[in-house]
Amino acid sequence: MFACDVHCYPWDLTDEGIGEVLDRLRDRIGATALTLVGACDAVEYFRPHVGVEPRWVRNPGGVFFEIEQDGFAATRIKPPLWDSSRRQDFFGRVSEGCADRKMEMQIRLCLFRSRRIVGRHPEVACKNVFGMPSRYAMCPHHPDVREYAMALIRELHRADNVAGIVLEDASSPRATDAESYWSATSVLNSEPAGLLNLCFCESSQQEAAKNGVDVEAAKRGAVAILDRGCQVGAEPEVDGRNWSDRNPAVARYEAWTQTQWTRLLQELRSSGHKRFVLNAARENFGLSNSKASSWPAEGDDRILLSAFDFVAHQENLEGNSGTEGGFHQIPRSQWELLLPWCEDSPEDAPATVREISRCAEAGMAGVSIDHYAAIREDQYDWIHQGLRRARRITTA
Ligand SMILES: [Zn+2]
């Protein structure tokens, strides 16, 4: 059946009632699966659901499923747990609720961004070329961060009631936080500004040096490219891609970062047998963040895909989302359209029906809707109509 999973934060289920929300997802929207956020960084959003408290959600983020503390013995980072999940056997009740309704449950994770963890362990933060630490990005080259990520994934690979693991971390964590990055792009063209996302923390430097990368030359090169970007203003004639390509030390450091990142994703996936899904939302790729973080780099998509079974991608069939990379090589049967609700959502019922049914016509597996609390009540029907049409197409 043409699939539809809806992303949901745990408190959306507890605030409105687990049974009520799951009924709504299945009966009013037509969803076949719940994608429950299992770990995330701080979030804040307005909830358009009349009568639900609180209407404005502000949560510091954390880990929302029960874990075996022993699994984290090899890392100093302990998961910042959400207390209510443990008290009320939240995870068990949600998975039972899904099973009763013949819905699948996937768990969505953000592994490498956490204000809470970086606050407790400042030594694991990514640092940009100027030595400025991130407030939330955790460097995958730090041994405690790698082990923490592996331990979380192992927990989920072991959980019987989890059908799949959805990873938000599509690209290597960016060393410069989004707000700071955007302030830099008011001065710099986005191409050289992308170098601000390369991590030069102590762990990254040590690992790179061990692998024979000339770190000092890479740092000097990155600063020189950024200086050049400052001199020629906001719209230089030569783009940064060419500048960094002309600087072999910077190019080498970038390539090393990307290779290490792909290896880590492959390791995470191969630590178990659960379906491993890439949530390729636009913000996870950082569209304007240039080479250093616009992963996959062109031509490298097959390497990235080798780490995943499935991709939920925001690019529509015209390929005009602007996301880079050769996603068209993904077999349609392993591709869901990621519909981020609100900012880029279809404007009305006909547009929603068109967008969803076009996915079915193209042989895509389904749609993935991010996220439940951002959908207005009238939009449930739009999605449901789209899904009915898509299912008629796929069974015809
Ligand atoms: Zn680092």
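Taking the residues in the stretch 117-128 that are outside any strand (DSSP E or B) and surrounded by fewer than 24 Cβ atoms within 10 Å (Cβ to Cβ) as candidates, determine which candidate is nearest to the ligand (Cβ to nearest atom).
If we take residues in the stretch 117-128 being outside any strand (DSSP E or B) and surrounded by fewer than 24 Cβ atoms within 10 Å (Cβ to Cβ), then Glu123 is nearest to the ligand (Cβ to nearest atom).
Tell me which residues, restricted to the stretch 30-66, are surrounded by 21 or more Cβ atoms within 10 Å (Cβ to Cβ), more than 17 Å from the chain's Cα centre (by Cα) and modelled with pLDDT under 95.
The one that is surrounded by 21 or more Cβ atoms within 10 Å (Cβ to Cβ), more than 17 Å from the chain's Cα centre (by Cα) and modelled with pLDDT under 95: Phe65.
Starting from residues that are within 16 Å of the ligand (Cβ to nearest atom) and not hydrophobic (A, V, I, L, M, F, W, C), keep the ones in the stretch 168-180 and report whichever is nearest to the chain's Cα centre (by Cα).
Asp169
When you scan the stretch 146-167, do you find a residue that is surrounded by fewer than 20 Cβ atoms within 10 Å (Cβ to Cβ) and within 16 Å of the ligand (Cβ to nearest atom), even just one?
yes
Among the residues of the stretch 15-29 satisfying the criterion of being in contact (Cβ under 8 Å) with a residue 40 or more places away in the chain and surrounded by 17 or more Cβ atoms within 10 Å (Cβ to Cβ), which is farthest from Ala373 (Cα to Cα)?
Only one residue tops the list, namely Arg26.
Name, by its number, the condition in (1) closer than 30 Å to Val21 by Cα; (2) within 14 Å of the ligand (Cβ to nearest atom) that does not hold for Pro140.
Just one mismatch for Pro140, condition (1).
For the stretch 11-46, name all the residues that are assigned to a helix (DSSP H, G or I) and of a type in the set (A, V, I, L, M, F, W, C).
Once the filter is applied, which keeps residues that are assigned to a helix (DSSP H, G or I) and of a type in the set (A, V, I, L, M, F, W, C), the stretch 11-46 yields Trp11, Leu13, Ile18, Val21, Leu22, Leu25, Ile29.
Can you name the residue in the stretch 98-116 that is farther than 24 Å from Arg263 by Cα and touching a Cys at 6+ places or on another chain (Cβ under 9 Å) and is also nearest to the ligand (Cβ to nearest atom) among such residues?
Met105
Which pairs have Cβ atoms under 9 Å, sit 6 or more apart or on different chains, and link a residue in the stretch 237-261 that is among the small types (Gly, Ala, Ser) and surrounded by 19 or more Cβ atoms within 10 Å (Cβ to Cβ) to one that is outside any helix (DSSP H, G or I) and modelled with pLDDT under 85?
As it stands, the answer is Gly240/Leu188; Gly240/Asn189, since those pairs meet every condition given.
The values are calculated or read from the model by the stated rules, or taken from the named source; none is laboratory data. Being a predicted model, the structure only gives us computed values, none of them experimental. Every residue, glycine among them, receives a Cβ derived from its backbone with ideal geometry; neighbour counts consider all protein chains shown.
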